[in-house]
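Each remark here refers to the structure printed beneath this line.
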Amino acid sequence: MTKKEIVKTISEEIGMTQLKTKEIVQKTFDAIVDTLVEEKRIELRNFGVFEVKRRGARKARNPRTGEKVFVPEKFVVTFKPGKEMEERVHELERLANAAAEAAHRAASSGVPPLNAMNHETSSPPTSYEAGAGGTT
């Protein structure tokens, strides 16, 4: 999802113009970045924690050439999701696992998947199905 899509969704939900909503969304993002730069941490309840951490200097290897290279230390932003977000993502995982298990059971039992049962057996197209190039 892009920022433009977020703005559109929010503006439709609250009945505000997209221009005003975009301004509010951008100010929110700017405030998050400003806080990270100044305080190195921002905690948003029920969402998560953004934190600036120092990643130490290290030796690495160029995967293309195999040559050893020195990577200097740098600051990186990390994100740890909040409890509510974690629970919602885990629910998505549970649903995906349940769907995979159901598909596996159906395949094991010889029952065709639902989408296969909704289609008639294929037959050669009749003249009207063949389109302009077909015979009449």
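The values are calculated or read from the model by the stated rules, or taken from the named source; none is laboratory data. What you see is a predicted model; the values in this text were computed from it and never measured. Positions of Cβ are generated from backbone atoms using ideal geometry, with glycine treated the same way; all protein chains shown enter the neighbour counts.
Looking at the range 34-59 only, could you name the residues that are assigned to a loop (DSSP other than H, G, I, E, B) and loosely packed, with under 12 Cβ neighbours inside 10 Å? Break it down stepwise before answering.
Pass one, the range 34-59, residues assigned to a loop (DSSP other than H, G, I, E, B): 40, 45-47, 56-57.
Of everything in the range 34-59, those that are assigned to a loop (DSSP other than H, G, I, E, B) and loosely packed, with under 12 Cβ neighbours inside 10 Å turn out to be ARG45, ASN46, GLY56, ALA57.
Quick one: in the range 13-31, which of the residues that are surrounded by 13 or more Cβ atoms within 10 Å (Cβ to Cβ) and among the aliphatic types (A, V, I, L, M) is nearest to ARG55 (Cα to Cα)?
VAL25
Residues to consider are LYS53, LYS20; find the one that is more than 21 Å from LYS80 (Cβ to Cβ) and at pLDDT 95 or above. Even if it seems obvious, please write down each step before you answer.
Values: LYS53 fails: more than 21 Å from LYS80 (Cβ to Cβ).
After applying the criteria, what remains is LYS20.
All but one of (1) at pLDDT 85 or above; (2) of a type outside the set (S, T, N, Q); (3) part of a loop (DSSP other than H, G, I, E, B) hold for GLY131; which doesn't?
(1)
Could you list all residues from the range 12-55 that are of a type in the set (Ser, Thr, Tyr) and over 21 Å from the mean Cα position of the chain (by Cα)?
Going through the range 12-55, the residues of a type in the set (Ser, Thr, Tyr) turn out to be 17, 21, 28, 35.
Those that are of a type in the set (Ser, Thr, Tyr) and over 21 Å from the mean Cα position of the chain (by Cα): THR17, THR21, THR35.
Go through (1) in contact (Cβ under 8 Å) with a residue 12 or more places away in the chain; (2) over 27 Å from VAL89 (Cβ atoms); (3) not basic (Lys, Arg) one by one and return the number of the condition THR21 breaks.
Answer for THR21: the failing condition is (2).
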